[in-house]
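The values are calculated or read from the model by the stated rules, or taken from the named source; none is laboratory data. Since the structure is predicted, the reported quantities are computational estimates derived from the model, not experimental observations. Here the Cβ is made from the backbone with ideal geometry for all residues, glycine too, and neighbour counts use every protein chain on show.
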Amino acid sequence: MKTWFLLCGLFALSCAPRIVDINTRQGMPGETVSVSMEYLVSWPRVEIGSVIMDWPQLQLQATALDRREIRGEELIWIEDKILHFKIPELAPGDYQVIIHDDKGPPGDLVYSFLETTAYLAFPPVWPFVFRSNQAHLDLRVLAKK
């Protein structure tokens, strides 16, 4: 029984959102950072220092060249994506960026509840429900010239 729980836990961790590539690890406020990700399933939210950027401030794009023109909210949940965000107005320094993979649109608790309930009813997607919902990266904010 312990082995089964261990295997389930490892499988769930393997489905956590994962950063594959980042175009830059430093930049000035207003510059765009592009983060290629696997297993970014839902509605991302980016947190840098005390600044939180929700869906309207972010852009999603498919990594597959033939799907690059599709709007971010129309991408399918399992495809790999590129998350674009602008560096907010922050003091120069080193920051940890947290990319949250939220269930449902920001602030819509009913949608989140219904989506999670639907996932629980379909066991093959359990690893995506019982997983870490965030990825981290380090970013250096440079002074404006």
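Looking at the range 78-93, which of the residues that are in contact (Cβ under 8 Å) with a residue 24 or more places away in the chain and acidic (Asp, Glu) is surrounded by the fewest Cβ atoms within 10 Å (Cβ to Cβ)?
Per the criteria, the residue is 89.
Identify, please: which residue in the range 90-103 is outside any strand (DSSP E or B) and at pLDDT 95 or above and is, among those, nearest to residue 133 (Cα to Cα)?
So, considering only residues that are outside any strand (DSSP E or B) and at pLDDT 95 or above, the one nearest to residue 133 (Cα to Cα) is 90.
Where the second residue is of a type in the set (D, E, K, R) and not in a loop (DSSP other than H, G, I, E, B) and the first is over 18 Å from residue 25 (Cβ atoms) and at pLDDT below 90 and lies in the range 124-145, which pairs have Cβ atoms under 6 Å and are six or more apart or on separate chains?
Note: pairs meeting the criteria are 133/101.
Please find, among 51, 41, the residue that is touching a residue at least 60 places away in the same chain (Cβ under 8 Å) and out of contact with any Lys or Arg (no Cβ under 7 Å at 6 or more places or on another chain).
Residue meeting the stated conditions: 41.
Restricting attention to the range 104-115, and to residues there that are surrounded by 13 or more Cβ atoms within 10 Å (Cβ to Cβ), at negative phi and of a type outside the set (Asp, Glu), which single residue is modelled with the highest pLDDT?
Here the answer is 114.
Hey, among 75, 40, 120, 60, which residue is surrounded by fewer than 17 Cβ atoms within 10 Å (Cβ to Cβ) and either at pLDDT 80 or above or more than 12 Å from the chain's Cα centre (by Cα) (or both)?
Of the residues listed, the single one that is surrounded by fewer than 17 Cβ atoms within 10 Å (Cβ to Cβ) and either at pLDDT 80 or above or more than 12 Å from the chain's Cα centre (by Cα) (or both) is 120.
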